[in-house]
Amino acid sequence: MAAAQGDTGLPAEIAAALSVLRARAPEVAPQVARRLARLLADHQETEPSAASALNRGGGPVEFACSSLNADIRYVVDIGGPVRTRLARIGDLLPVRDLARRGVGDDLTMLAGLQARGTLDWGAWLGLRHRAGCAPAFKVYAEVPPGGEQALPGISWPDRDDAGLLPLLVGLSPEAERREIYAQCAERGMPVSRLAAILDRLGLGRCLDDLVAMVRAFEFRRGGGRLPDIRFGCSYGVGRDGDAPIFSLFAFAADLAGGDDHIRTQLLDFAERQGLDLGCYAALTEPFASRPAACGGHNMIGFLVGPEIRPGVQISFRPPEPPAFEDTP
């Protein structure tokens, strides 16, 4: 599918993704194109010492597809000095978001927290597009080592007992929602530990669904009921105590096979479960013709909550389009 004229100057993989969205999500594709063009035009060169890449591929944009809804989601690494990124992202937020309850205070708190610690990447900007709605922004802010003690109101419950290391905070101004993302300190996740985490969050009844989803996938390293890999978790709630959403996530690199096999596993799982992954199949179609390719997928999250159907979310770097040779 040819890139539109307005995509001139964008990386080939971004232009190809926008072409897919124009066919699959025409209501939001122009909005996505405008936002990405502006953000990438303002992208600053990354300092050599910064671990700024969103994924192993090193690109500045990562898409995500979720079975929860058909929203078009992506995260952008805005580049530049790590310690300026959170402030620059704050400048990009709409006035309506900055005026929402607690948003300014949260950004100020996170800026102070980052100023006192060591940073690897600083902050990323997420956007979500839905037909008929204004874009929804999300700020991903790195939590420096030891900084979790200074996260009032958004600390991970009983994180020490669970062996979890907080990594970043996600702020969703429009939804008035906060998330904390953490990584397990050790490989493996005994089901008893997962059960304890869910129980503390009031989600104990979600355990069987969560374990069943993970076991539906093929991992490089086996284990007991869960594979012997480095898991992470995220937990998000609204400011008024809205229903929580919990995610157990794994790096796609721990899934068996390359990008084509990971894609097949995801699509087969979605079909068996009757889940809709939106534009995922179309956006990742180039992976199917590259059996040796790897590193395009980043993370897979297994999602549960009292008011959602158990599902998955997958993040990936948009693949480069196939190269066609000229024919005489």
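Each residue in segment 273-292 was checked for being within 30 Å of LEU201 (Cα to Cα) and either among the acidic types (Asp, Glu) or more than 18 Å from the chain's Cα centre (by Cα) (or both), and 4 of them qualify. Counting only helices (runs of 4 or more DSSP H) that fall entirely inside segment 72-127 and contain at least 3 residues that are modelled with pLDDT of 90 or more, the qualifying elements are 85-92, 103-115.
For segment 231-252, enumerate the residues that are surrounded by fewer than 16 Cβ atoms within 10 Å (Cβ to Cβ) and within 18 Å of the chain's Cα centre (by Cα). Residues satisfying the conditions do not exist here. What number goes with the only condition from (1) modelled with pLDDT under 90; (2) surrounded by fewer than 18 Cβ atoms within 10 Å (Cβ to Cβ) that TRP156 does not pass? The number of the failed condition is (2). Hey, does segment 293-311 have a residue that's over 20 Å from the mean Cα position of the chain (by Cα), surrounded by fewer than 13 Cβ atoms within 10 Å (Cβ to Cβ) and either closer than 30 Å to PRO26 by Cα or among the hydrophobic types (A, V, I, L, M, F, W, C) (or both)? Yes, some residue in segment 293-311 is over 20 Å from the mean Cα position of the chain (by Cα), surrounded by fewer than 13 Cβ atoms within 10 Å (Cβ to Cβ) and either closer than 30 Å to PRO26 by Cα or among the hydrophobic types (A, V, I, L, M, F, W, C) (or both). Just one of the listed residues (SER289, SER234) is at pLDDT below 90 and either touching a Ser or Thr at 6+ places or on another chain (Cβ under 6 Å) or hydroxyl-bearing (Ser, Thr, Tyr) (or both), namely SER289. A Cβ distance below 9 Å, combined with a sequence gap of six or more or placement on separate chains, defines the contacts here; from segment 195-208, residues that are in a loop (DSSP other than H, G, I, E, B) reach residues that are surrounded by fewer than 17 Cβ atoms within 10 Å (Cβ to Cβ) in the pairs LEU201/PRO157; GLY202/PRO306; LEU203/PRO306. Only a single criterion out of (1) modelled with pLDDT of 95 or more; (2) over 19 Å from the mean Cα position of the chain (by Cα) is not satisfied by PHE63, namely (2). Does segment 219-233 contain at least one residue that is closer than 17 Å to PRO310 by Cα and of a type in the set (Phe, Trp, Tyr)? Scanning segment 219-233 turns up no residue that is closer than 17 Å to PRO310 by Cα and of a type in the set (Phe, Trp, Tyr).
The values are calculated or read from the model by the stated rules, or taken from the named source; none is laboratory data. All values reported here derive from a predicted model rather than from experimental measurement. Note: ideal-geometry Cβ built from the backbone for every residue, glycine included; neighbour counts use all protein chains shown.
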